[in-house]
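The values are calculated or read from the model by the stated rules, or taken from the named source; none is laboratory data. Predicted model, so just to flag it, every value in this text is computed and none were measured. Neighbour counts are summed over all protein chains in view; Cβ atoms, including those assigned to glycine, are modelled from backbone coordinates with ideal geometry.
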Amino acid sequence: MTIIPVPFHAFVDETKALGLTMAMTVVDSRHVAECRRLLRGQLLHHKRRLHFQQEQDRRRRQLAGVISTLPATVRLYRAPDARRTPGGER
């Protein structure tokens, strides 16, 4: 069996609030362990994972500052909710 090295890792998350928004973060395989270590270092003592929905604005800004230093590329894709009218009603 031949093992083919993976050149990068892609992480994807989505939200369906106000349509569909998908975020994809791509990290070179050589930097994945470093990124995970830096992000795990941001966990509060009682948390098992990071989730912006559960954080206060000040904490979100702090996390965004750390994330912005990571060797990663981020792409956002957005599809508006076609069921909404221009006035925002469904």
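List, please: which pairs have Cβ atoms under 9 Å, are six or more places apart or on different chains, and start with a residue in segment 59-70 that is within 17 Å of Lys47 (Cβ to Cβ) and end with one that is among the charged types (D, E, K, R) and not in a helix (DSSP H, G or I)?
Final answer for the pair search is Gln62/Glu55; Leu63/Glu55.
Tell me, which residue of segment 37-50 that is within 20 Å of Glu14 (Cα to Cα) and surrounded by 10 or more Cβ atoms within 10 Å (Cβ to Cβ) is modelled with the lowest pLDDT?
This residue is Leu50.
Looking at Leu20, Leu38, which one is hydrophobic (A, V, I, L, M, F, W, C) and touching a residue at least 60 places away in the same chain (Cβ under 8 Å)?
Leu20
Check off (1) at pLDDT below 95; (2) surrounded by 10 or more Cβ atoms within 10 Å (Cβ to Cβ); (3) within 12 Å of the chain's Cα centre (by Cα) for Val26 and give me the number that stays unchecked.
Answer for Val26: the failing condition is (1).
Any residue in segment 44-55 that's closer than 22 Å to Ala17 by Cβ: show its pairings with residues that are part of a loop (DSSP other than H, G, I, E, B) and at pLDDT 85 or above at Cβ separation under 7 Å, as long as the two are six or more apart or on different chains.
Short answer, once both residue conditions are applied: Leu50/Gln42; Leu50/Leu43.
Can you work out which of the residues in segment 1-14 that are within 19 Å of Ala72 (Cβ to Cβ) and not acidic (Asp, Glu) is surrounded by the fewest Cβ atoms within 10 Å (Cβ to Cβ)?
Pro5
Go through (1) in a strand (DSSP E or B); (2) surrounded by 10 or more Cβ atoms within 10 Å (Cβ to Cβ) for Leu76 and report which single condition fails.
(2)
For segment 27-40, does any single residue satisfy the condition of being in a loop (DSSP other than H, G, I, E, B) and either of a type in the set (Val, Ile, Thr) or under 24 Å from Pro80 (Cβ atoms) (or both)?
No.
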